[in-house]
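Quick notes on the structure that follows.
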Amino acid sequence: MILMQTSQQSSHIRCEEEIKTEFSENEGITSPTRVLLDIQNGRVAVLSDKLNEFYEEIKKLRAEIKELEEKIDELESRSMSKSGGGGVSGDVSGLESREMSITAYAPLCDQAVAGWDYSGDPSVTASGEQVRVGETCAAGPSIPFGTKVYIEGLGWYEVNDRGGLIGDNCIDITVSSKAEAQQFGRQNRMVYIKW
């Protein structure tokens, strides 16, 4: 009797291990007739439908995880580029530098004022590019559209917008809200221009 129980227990463990191994090696259920033997109760239970449902759920979760990982990578990449990639000196050597007057505007804010915060479609810049808060900036006509600028302490921006009150020595960065723009005020900062 003891031998029989030991044999049944080891068979039960062996079957579970085989199924776990097959599942992980194949990354899912590939056969619709996979069967799990429940030797302890002396029954055969067909679990292929449940296992297939489980596999489909795993596939969905893996896709969601991959999407979240890509978003994290993108945010980390933006963060690195905003901080200058670990050091301003390496990123700005050879670039034109000048002290400029920096202000902020919030064209996508629900409190944005036409003619002041934007002209036409608030989500589209004067260059025709989409506004990207924290990446898009406006500058005077002496700095061409598409020019990358590094604003000390704020990171990299791309000039894609203009403004009637923006002079040649001014940059207006995009922010999320009018309150944030007002709190930012006007600041003098070093700007490095990548022509």
Inset, instruction - Could you work out how far apart the two model spin labels at W116 and K60 are, taking each label as a point 7 Å from the Cα in the direction of the beta carbon, and quote it in nm? - result: 4.7
Inset, instruction - List every residue whose amide H lies under 5 Å from the amide H of V124, counting only residues 5 or more places away in sequence or on a different chain, with H placed 1.01 Å from N in the peptide plane. - result: V131
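Over the stretch 89-194, what is the relative contact order in percent, taking alpha-carbon pairs closer than 8 angstrom and at least six residues apart?
About 42 percent, as a whole number.
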Inset, instruction - With θ set to phi - 60°, apply the Karplus curve 6.51 cos²θ - 1.76 cosθ + 1.60 along the stretch 123-137 and write out the HN-Hα couplings as whole Hz, x wherever there is a Gly or Pro. - result: 8, 10, 7, 4, 7, x, 7, 6, 5, 10, 4, x, 10, 8, 9
Inset, instruction - Taking the Cβ of S119 as the centre, find all other residues whose Cβ is under 10 Å away and add up their charges (Lys, Arg: +1; Asp, Glu: -1). - result: -2
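Read the figures in this text as sums done on the coordinates, not as results from a lab. Values in this document were obtained by computation on a predicted structure and should not be read as measured data. With ideal geometry, Cβ positions are generated from the backbone for all residues, glycine too; neighbour counts draw on all protein chains shown.
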